[in-house]
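Here is the structure we will look at, set down as structure tokens.
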Amino acid sequence: MEDTPRGDAIETATRHVLPNGMVALIQRNPASTTASVRGEVRAGAIHEPAAQNGLAVFTGSALIRGTQRRSFQQIVAETEARGCSVNAGGGLHTTGFGGRALAEDLPLILEVLAEMLAQPAFPTQEVERLRGQFLMSLRESEQETRTQASRALRRIMFPENHPYSRLSSGTIATVEQITRDDLAAFHGNYHPAASAIAIVGDVEPAAVIALLEETFGHWEPTGAPPVSELPAVPALQGVQRRDIALAGKSQTDIVYAVHGLARSSPDFYEVSVANMILGRLGMGGRLGDNVREQKGLAYYCGSSVDADLAAGPWAALAGVNPSDVETAIEAILYEIRQFAADGPTGEELSDARDYMTGSLVLGLETNDGIAGTLLGIERYGLGMDYIRRYPSIIRSVTPEQIVEVSRKYLSTEAYALVTAGP
């Protein structure tokens, strides 16, 4: 595939810092009549107490449920009347927010989002409705083999005091105890100097900056931004296995995992290409081809790398017939072992490079995609020329480097393994 990244969609973006510290990223796209807004505050589940697991997600979802000036119903009515939308939600590292509108309606979207971020009301009735939705979802997830396997895996891999040891959605026990005052208190972690907003569409950067000064410019900080530091994680010793029994299930989910790497690691791109080949390309990379297609041992099989502020799991996952669990585990370990020993074929590496560079181009086909890419560049300090540099970064990854990082991280002697099924 020819490398034709739309670097101009990023490099010509305007970056502006408001007096309160909020970063604005604005890209004009005259070919579009709409405008997309995506933003994030660096406050998430990593900042919540373990006893209040789920608080960050709860707080983020409650932002749209009413502000000091608008009720939830007013927000919905005003935005829908103009064909606009706004949204918000909490996550592990950040709380995201966004919206979409015709370019002429951008002032309304920014006004509503600024109220949601700076002046949420957390009305009791709406908080309780939201709690009910969360609890229903959590009860359903208790019966999901994959969710239960992921929950158990994190408890094995990370110390109890580490935010990565739990899922950001929380548990029934913790979400039941979270109060409206807890949401308001956690909102104190939201800080303009820990926030960024990207706006892409048929807009003039200077006019957007003026709008942002009028709306988000009134968001005054209350103290310092939250600290995003995570405790150290001890290395896995030997094989740490857990088997979870869930009655009435017809499938067993298997998760193998080792500690991966942070997004800032110098190994990041080599590991990304390695993971693409191992368990992402096509129907699940080499794992999917051999374990699922050739041996017929899995309904699905693939891999994932969780690399962000700190090192999350590098995992291989499969859903199998309960009678094939041990055979499938051996097949997964065999493929990992062989991959670390031999590395990729020339065809696999070529396909991975083409897919990864091509996906980048596709991600810049929409205003929303460009806005998301701008946020990622800001979050990780990648530089506005990142899109132009990315293809050469990926194409410079060699088979030898893939072997090196695979041997460094993908152990078949020390790893976590969880099965969840009947």
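The values are calculated or read from the model by the stated rules, or taken from the named source; none is laboratory data. Bear in mind the structure is a predicted one, so any value in this text is a computation, not a measurement. Glycine gets a Cβ as well: all are built from the backbone with ideal geometry, and neighbour counts include every protein chain shown.
Residues to consider are 371, 340, 298, 352; find the one that is buried (at least 16 other Cβ atoms within 10 Å of the Cβ), touching a strand residue (DSSP E or B) at 6+ places or on another chain (Cβ under 9 Å) and modelled with pLDDT of 95 or more.
Exactly one of 371, 340, 298, 352 is buried (at least 16 other Cβ atoms within 10 Å of the Cβ), touching a strand residue (DSSP E or B) at 6+ places or on another chain (Cβ under 9 Å) and modelled with pLDDT of 95 or more, namely 371.
Looking only at segment 246-278, how many residues end up being in contact with a helix residue (DSSP H, G or I) (Cβ under 8 Å, 6 or more places away or on another chain), among the hydrophobic types (A, V, I, L, M, F, W, C) and either outside the structural domain of residue 354 (by TED's automatic domain parsing) or modelled with pLDDT under 95 (or both)?
1
Out of all the residues in segment 13-24, is one or more under 17 Å from the mean Cα position of the chain (by Cα) and either of a type in the set (Val, Ile, Thr) or under 27 Å from residue 135 (Cα atoms) (or both)?
No, segment 13-24 contains no residue that is under 17 Å from the mean Cα position of the chain (by Cα) and either of a type in the set (Val, Ile, Thr) or under 27 Å from residue 135 (Cα atoms) (or both).
With the condition kept exactly as written, say whether any residue in segment 308-324 is hydroxyl-bearing (Ser, Thr, Tyr) and over 30 Å from residue 25 (Cα atoms).
Yes, segment 308-324 contains a residue that is hydroxyl-bearing (Ser, Thr, Tyr) and over 30 Å from residue 25 (Cα atoms).
So, of the residues in segment 235-276 that are more than 18 Å from the chain's Cα centre (by Cα) and hydroxyl-bearing (Ser, Thr, Tyr), which turns out to be farthest from residue 152 (Cα to Cα)?
250
How many residues, within segment 189-211, are aliphatic (A, V, I, L, M) and surrounded by fewer than 18 Cβ atoms within 10 Å (Cβ to Cβ)?
Residues that pass the stated criteria total 5.
Inside segment 91-100, can you point out the residues that are under 21 Å from residue 30 (Cβ atoms) and either charged (D, E, K, R) or touching a Pro at 6+ places or on another chain (Cβ under 9 Å) (or both)?
100
Just the residues that are part of a strand (DSSP E or B), among the hydroxyl-bearing types (Ser, Thr, Tyr) and either under 18 Å from residue 185 (Cα atoms) or more than 26 Å from the chain's Cα centre (by Cα) (or both), please, taken from segment 49-105.
Correct list: 67, 71, 95.
So residue 182 ticks every box in (1) at pLDDT below 95; (2) outside the structural domain of residue 326 (by TED's automatic domain parsing); (3) touching a helix residue (DSSP H, G or I) at 6+ places or on another chain (Cβ under 9 Å) but one. Which box is left unticked?
Here residue 182 meets the rest and fails (1).
Out of 173, 196, 247, 184, report the one residue that is assigned to a strand (DSSP E or B), of a type in the set (A, V, I, L, M, F, W, C) and closer than 30 Å to residue 131 by Cβ.
On inspection, the qualifying residue turns out to be 196.
Out of the residues in segment 212-263 that are hydroxyl-bearing (Ser, Thr, Tyr) and loosely packed, with under 14 Cβ neighbours inside 10 Å, state the one that is farthest from residue 39 (Cα to Cα).
250
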